[in-house]
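Accompanying notes for the structure given below.
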Amino acid sequence: MRLSQLIVLGVVLGLGLGWWLRRDAEPARAFVPAPTQATAQTAPAALAAPAPATTPAPSPTVAPTAGAAAAQPIGLLLPVQGVQRAQLRDTFTDARSEGRVHDAIDIMAPAGTPVLAVADGTVEKLFDSERGGLTVYQFEPSGQWCYYYAHLQRYADGLAEKQAVKRGDVIGYVGSTGNASADAPHLHFEVHVLGPEKQWWKGESINPYPLF
């Protein structure tokens, strides 16, 4: 073989051997599949960008109406000493003479039994009427309600108009004055919702029976 041919053969063999050695030296590349649509949709939530924090809107509040009155008085004391709640009868809607409705409850008790103030307040009026006999009109401090005690045998000693009384104070004694029967002494008790004029003789009656 000629020298020139040997040189060409050597060059070809050298190039081939070099390519073979470089191929073995290169690291194998890992196959990474392209993400599919299903894979993208099921990615963990932790990888998603966090949603911006939001502050909840404050709940609207309704301011109380100035001077709004409560629906009814609470915490009233039963006004006849020694009488229990179970002894009361609801006579609020009972019929009376001349087509009237009772608008009160009658609390039966022996004559002379002490009558007690049902709540704190002021003696607004002491009055002797044909129907009610000796009566007491008591206003409570807020001026929302009037408490009316009737058919008294007599007033407590020293009781006077505009006098402050406390819940449980003796203000009179059970009797049968006015149009009450002498054979059935009792306290006729009413609760009135006062109007803005605060008139002791005028007000809307509410049933006292559920208040005790």
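The values are calculated or read from the model by the stated rules, or taken from the named source; none is laboratory data. Owing to the predicted nature of the structure, the values given are computational and were not obtained by experimental measurement. Here the Cβ positions follow ideal geometry from the backbone for every residue, glycine too, while neighbour counts run over all protein chains shown. Quick note on the areas: whole protein, heavy atoms, side chains included, nothing else; ligands and nucleic acids left out. Shrake-Rupley method; radii C 1.70, N 1.55, O 1.52, S 1.80 Å.
Looking only at residues of the range 78-96 that are modelled with pLDDT under 75 and not β-branched (Val, Ile, Thr), we find that the one that is least open to solvent (accessible area, probe 1.4 Å) is 94. Filter the range 115-126 down to the residues that are touching a residue at least 40 places away in the same chain (Cβ under 8 Å), part of a strand (DSSP E or B) and either among the β-branched types (Val, Ile, Thr) or within 14 Å of residue 200 (Cβ to Cβ) (or both) and list them by number. 115, 121, 122, 123, 124, 125 - these are the residues of the range 115-126 that are touching a residue at least 40 places away in the same chain (Cβ under 8 Å), part of a strand (DSSP E or B) and either among the β-branched types (Val, Ile, Thr) or within 14 Å of residue 200 (Cβ to Cβ) (or both). For the range 97-138, a residue qualifies if it is modelled with pLDDT of 95 or more and more than 18 Å from residue 191 (Cβ to Cβ), and the qualifying residues are 108, 109, 110, 111, 112, 113, 114, 126, 128, 133, 134. The sole residue among 149, 155 that is more than 15 Å from residue 103 (Cβ to Cβ) and among the aromatic types (Phe, Trp, Tyr) is 155. Please indicate, with yes or no, whether at least one residue in the range 135-146 is among the small types (Gly, Ala, Ser) and in a strand (DSSP E or B). No, there is no match, as no residue in the range 135-146 is among the small types (Gly, Ala, Ser) and in a strand (DSSP E or B). Counting residues in the range 155-178 that are closer than 16 Å to residue 92 by Cβ and either under 31 Å from the mean Cα position of the chain (by Cα) or open to solvent by 20 Å² or more (accessible area, probe 1.4 Å) (or both) gives zero. Count of the range 179-200 residues, restricted to those that are touching a residue at least 40 places away in the same chain (Cβ under 8 Å) and either within 35 Å of the chain's Cα centre (by Cα) or outside any strand (DSSP E or B) (or both), is 14. Close Cβ contacts (under 8 Å, 6 or more residues apart or on different chains) running from residues in the range 74-88 that are outside any loop (DSSP other than H, G, I, E, B) to residues that are of a type in the set (Ser, Thr, Tyr) and at pLDDT 95 or above comprise 80/113. For the range 151-166, a residue qualifies if it is in a strand (DSSP E or B) and touching a residue at least 40 places away in the same chain (Cβ under 8 Å), and the qualifying residues are 153, 164, 165. Scanning the range 139-154 for residues that are open to solvent by 40 Å² or more (accessible area, probe 1.4 Å) and modelled with pLDDT of 95 or more returns 153, 154.
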